[in-house]
1. Might you let me know whether the stretch 176-189 holds any residue that is in a helix (DSSP H, G or I), on the phi < 0 side of the Ramachandran plot and under 22 Å from the mean Cα position of the chain (by Cα)?
2. Considering only residues that are acidic (D, E) and in a strand (DSSP E or B), look in the stretch 45-62 and name the one that is nearest to Q127 (Cα to Cα).
3. Is one or more of the residues making up the stretch 152-171 at positive phi, free of Cβ contacts under 8 Å to residues at least 12 places away in the same chain and either assigned to a loop (DSSP other than H, G, I, E, B) or not assigned by TED's automatic domain parsing to the domain that holds S21 (or both)?
4. Step by step: first the residues of the stretch 144-168, then only those that are farther than 15 Å from M116 by Cβ and among the aliphatic types (A, V, I, L, M), then the one that is surrounded by the fewest Cβ atoms within 10 Å (Cβ to Cβ). Which residue is that?
5. Would you call L100 surrounded by 14 or more Cβ atoms within 10 Å (Cβ to Cβ) and within 30 Å of G16 (Cβ to Cβ)?
6. With the requirement that a residue be among the aromatic types (F, W, Y) and out of contact with any helix residue (DSSP H, G or I) (no Cβ under 7 Å at 6 or more places or on another chain), what does the stretch 5-38 give you?
7. Kindly provide the set of residues from the stretch 106-121 that are within 12 Å of the chain's Cα centre (by Cα) and surrounded by fewer than 19 Cβ atoms within 10 Å (Cβ to Cβ), ordered by number.
8. Can you tell me which condition R57 does not meet? The list is (1) touching an Asp or Glu at 6+ places or on another chain (Cβ under 8 Å); (2) touching a residue at least 12 places away in the same chain (Cβ under 8 Å), and all the others hold.
Amino acid sequence: MHKIQAQGIHHITLVGATRQSAIDFWEGVLGMPFIFEQPNLDNADESHLYFDPGDGRLITVFTNETREIDTTPNPEGIGNLHHIAFNVSRATFTQVARRLDERGIKHTDEIDRGFMHSIYFRDPLGQRYEMACYKFEPPVGVTHAQVLFEAHHLRVAEGAYNITDSHLAEAIERLTRRTQGSLSEDRSPRHAYPRPVAGP
């Protein structure tokens, strides 16, 4: 027996209302280019819209002009989708609350998740979304997941409740040491200031 090895998310498909309401939200609010459209090949009454969330993968929406917008929050029962998180830069993240406020969209305050910052809100159809901004950049050639894997082990060894900045910083240092060679035989931390230096 062998695993069916996943290599990333190919696409996520949501059931939408009308075509224009999908375009208005995904492209008009979240800035995801509307890249192509075709019929839903499993249901001739629906159209299938494709949006690029920014990484070249796909968010797709089934639309039908007879469906009305229902803002009722989606149920949170077992097996149901809780939320989808989208990555944004820090520069964009600092603007999220204001830009949601401009549209009258209710949202959480900025939440510190230890390794990232989050803001949550719902779309016009009641689905919850998260705008997430990592606190760190991984070393070149290393993924965010690899940094978090390393930081997890540091957190557990310390007995900390959640990952903090110190775990992330140490994880990045360890991964840099593993992935980047050096001509130095001793790579230990040093003071490097034999005399006091004037202020900044």
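The values are calculated or read from the model by the stated rules, or taken from the named source; none is laboratory data. Bear in mind that the values here come from a model prediction, so they are computed numbers and not experimental data. In this analysis, Cβ positions are derived from the backbone assuming ideal geometry, glycine residues included, and neighbour counts consider all displayed protein chains.
1. No, the stretch 176-189 contains no residue that is in a helix (DSSP H, G or I), on the phi < 0 side of the Ramachandran plot and under 22 Å from the mean Cα position of the chain (by Cα).
2. That would be E46.
3. Let us first name the residues in the stretch 152-171 that are at positive phi, namely 159.
Narrowing further to those that are free of Cβ contacts under 8 Å to residues at least 12 places away in the same chain: 159.
Imposing the further condition that a residue be either assigned to a loop (DSSP other than H, G, I, E, B) or not assigned by TED's automatic domain parsing to the domain that holds S21 (or both) reduces the set to 159.
Yes, that holds for at least one residue.
4. Filtering first and then ranking leaves A157.
5. Working: surrounded by 14 or more Cβ atoms within 10 Å (Cβ to Cβ): yes; within 30 Å of G16 (Cβ to Cβ): yes.
Here the answer is yes, as L100 does meet what is asked.
6. F25, W26, F36, listed by residue number.
7. Scanning the stretch 106-121 gives S118, Y120.
8. Condition (1) is where R57 drops out.
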